[in-house]
Each structure stands twice: as structure tokens, then as C-alpha cells.
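The values are calculated or read from the model by the stated rules, or taken from the named source; none is laboratory data. No experiment lies behind these values; they were computed from the predicted model shown. Note that each Cβ is placed from the backbone with ideal geometry, even for glycine, and that neighbours are counted across all protein chains shown. Side chains included, ligands, DNA and RNA excluded: accessible areas come from the protein's heavy atoms. Shrake-Rupley method; radii C 1.70, N 1.55, O 1.52, S 1.80 Å.
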Amino acid sequence: MNVADFDYDLPPRFIAQTPLERRDSSRLMRLDRATGAISHHVFSDIGDMLRPGDVLVLNNTRVIPARLRARKATGGRVEILLLKRLDERRWNALVGGRNIREGAQLAFDGSDLTCSVARELDKALRIIEFSRPVDGLLCDQGEMPLPPYINLALDDAERYQTVYSAIDGSAAAPTAGLHFTRELLDNIQRLGVRVANCTLHIGLDTFQPVTASRVEDHKIHSEFASLNPENAAVINESIRAGGRVIAVGTTSARTLETAAGLAGDKRGDDRRDDRAVAPFADQTSLFITPGYRWRAVDALVTNFHLPRSTLLMMLSAFAGRVAILRAYESAKRADYRFYSFGDAMFVG
């Protein structure tokens, strides 16, 4: 497959720069996987698309203030985006600045904290080592890592967190979940829909564009994901009872499909009628592209994604590339808002 097959034109005016005042007032496009039919709704009406016995799976990761501003010994400015903690003091990070080579020493204004570049990796990716653990310092030194296409400052940092965020570790928000309010989740559960949690800490691939010409040549980076036994049991009980598994966001979908693959490995077979998920806590490098056989996910709540992105490829694997690109064109004609603070889709 060619990466260019997942391209589309998006004028900048469609890119949402700020969240709406009320989370669940965003728009919601419904795309029927079976027929390709499209309809338009408000996100607060998502309960109408769910059924008693379904299970809604949320990614409860919490975004850390992962953007740091530092200076080289020469005074030059450097921007650091923390992606993945390796140990107490070392992190994988994207480092922006001129000639940031291995051994470079970086300092932070107003603090005795320093860091050094321990290793150069691909392009702007570096392993950096701090002079001491930074977990407790990020609230003072760090900034919320808004995506580069958002040009306006965020008045309330909590608007880039889901209302159910719980476990620190992500470099970006699982944006499909930004539309939910506590009240909406309560109403959904009153309909007889169960709610389960998983965790995937979003890392490099959210920020790294696909530069290969062929999809098969792109290397997806691993991210930490987990599904504990209690939540796996909730999902498996719903599956056995005939309920649908609704993944909120591509990160939840990736975690669920990783868990389903592990369950299949443990069985030692490939039975298509057994869709169980297995608890796990490990790195996942699952790259879902058209042709992938879905195991666990029946429906997907998602935002509108960047052209040529791995997320758009995953969505195309779920509902078909032609149907997804047609839905995106329909969204533009209807003036939907795109990307992190934009509107949503229900695909199922």
C-alpha cells in the first residue's frame, strides 16, 4: 500500500484550535460500517448508538506536562518533549534545537536541574539523562504538550485531559475521550452499558509523521499499554453475553487488539469465534493497517485524524479506506472541526 493513498486535503480553517465550552456539545458523525451510511448528531446523543450489554472501553492515561524549555551552554534555546520514561533519570525525548549532539549539556531557567544528551537516535529523537528524577518537578518546569497544529494557548490545562484520566505517563491526550463528561458516562451506564478501563501511554507516533512511501516500510514505535484482570473480565463477560466492545479512541482499540492477540497466543489457535482479551502490561508495537483481522473491537469512537497518519490507516482498516475518506469529505462539507479539539465519529 502507498502512504499517498491515505492523503486528503484539509485547509487550516478546519483545524480546531480550542475545545468547545461543553465537552459533549461537539458534533458526532455516525458511519455505518456495513452500509457506509452517514448521519450527523451531537456527541451527547451517543447513548442512542449504544445497546444494553455493550461495554465502553476507555483509555485512562493522563497527560504529563512533558514539554520543557532548556538552554545550551552557549545560550541557545532548546525544546524537549518527553515521550517515554526509561528509568529514574533517563527518558526518550524529541529535542528541538540546533546541533543537539550526544554529550550536550542543557540547563533550565530558574532551577539547578540539568540534563545531558546520552544518546542520539533517529532524527530529533534522543535519550536524555537528568541530573535527578524529574517526576516531581514537571508541574513546575513542564508545559502541556499540545500538538504542533494548535497555535493558541490553553486557558485550562484540564481541557487536554479526559475526565477519567488517572495514570500519569502520556505525551498526548487520547482525544476521542475528551468529549465525555461525568454526567454523560453516568447516563450511559444507566442504559445498561458497562464501562471498562485500559491504559496506553501515547508516545512518539502521535508526533512523528509517516515519511516512507510504502505503508509496509513504516516502523511504528512501541508504547506501554496495559489491561488489568478486572477490566479484562468485564470485557470478556460482555462478549460472552453478546454485547459489543466499543473502543473509545484508537489507543483503546490498539490496546484491546493487543490483548485479544495475546489471548489467541495463549490458546495456541486462531479460532475466529473466540474474541476473548487477556490481561497484560507491556510494550505494544501493533501496527493496524487495511487487511488486518479485527478480533475484539466492534465499534470505535474516534476524532478526525491527520492525512497520511497511522491513525487514519487504522481507521481505514476498520471501516474501509474509501468509506473513511468519503466520510472525511462529508465532514468538510458539513464544517466539522478536525483533530484533537475537533468533532468525533462513531464507526460501527
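Observations, loosely collected:
- Test result for LEU178, more than 26 Å from ALA104 (Cα to Cα) and in contact (Cβ under 8 Å) with a residue 60 or more places away in the chain: yes
- The condition of being surrounded by 20 or more Cβ atoms within 10 Å (Cβ to Cβ) and either farther than 22 Å from HIS221 by Cα or in contact (Cβ under 8 Å) with a residue 60 or more places away in the chain (or both) does not hold for GLY320.
- Pair list, Cβ < 8 Å and 6+ apart or interchain, from the range 70-82 residues that are in contact (Cβ under 8 Å) with a residue 12 or more places away in the chain and closer than 10 Å to ALA107 by Cβ to residues that are open to solvent by 20 Å² or more (accessible area, probe 1.4 Å) and among the polar types (S, T, N, Q): LYS72/GLN105; ALA73/GLN105
- Scope the range 177-224; condition in contact with a Pro (Cβ under 8 Å, 6 or more places away or on another chain) and closer than 21 Å to LEU286 by Cα; matching residues: LEU200, ILE202, THR206, PHE207
- Only one of VAL78, VAL57 that is in contact with a Cys (Cβ under 9 Å, 6 or more places away or on another chain) and surrounded by 15 or more Cβ atoms within 10 Å (Cβ to Cβ): VAL57
- Being in a loop (DSSP other than H, G, I, E, B) and among the charged types (D, E, K, R) is a property that holds for ASP155.
- Among the residues of the range 117-138, those that are closer than 14 Å to LEU81 by Cα and in a strand (DSSP E or B) comprise VAL117, LEU125, ARG126, ILE127, ILE128, GLU129, PHE130.
- Given (1) touching a Gly at 6+ places or on another chain (Cβ under 7 Å); (2) open to solvent by 40 Å² or more (accessible area, probe 1.4 Å); (3) aliphatic (A, V, I, L, M), index of the condition ILE38 fails: (1)
- For ARG293, the requirement of being surrounded by fewer than 19 Cβ atoms within 10 Å (Cβ to Cβ) and either at pLDDT below 95 or out of contact with any His (no Cβ under 9 Å at 6 or more places or on another chain) (or both) is met.
- Counted residues, the range 245-275 - those being open to solvent by 30 Å² or more (accessible area, probe 1.4 Å) and either closer than 27 Å to ARG51 by Cα or at pLDDT 95 or above (or both): 5
- Qualifying residues in the range 184-200 (those that are open to solvent by 30 Å² or more (accessible area, probe 1.4 Å) and touching a residue at least 40 places away in the same chain (Cβ under 8 Å)) - the one nearest to the chain's Cα centre (by Cα): ASN197
- Only one of the listed residues (ASN151, ASN99) is open to solvent by 40 Å² or more (accessible area, probe 1.4 Å) and on the phi > 0 side of the Ramachandran plot. That residue is ASN99.
- Every residue from the range 209-237 that is assigned to a loop (DSSP other than H, G, I, E, B), within 30 Å of VAL3 (Cα to Cα), open to solvent by 20 Å² or more (accessible area, probe 1.4 Å) and in contact with a Ser or Thr (Cβ under 9 Å, 6 or more places away or on another chain): PRO209, HIS218, LYS219, ILE220, HIS221, SER222
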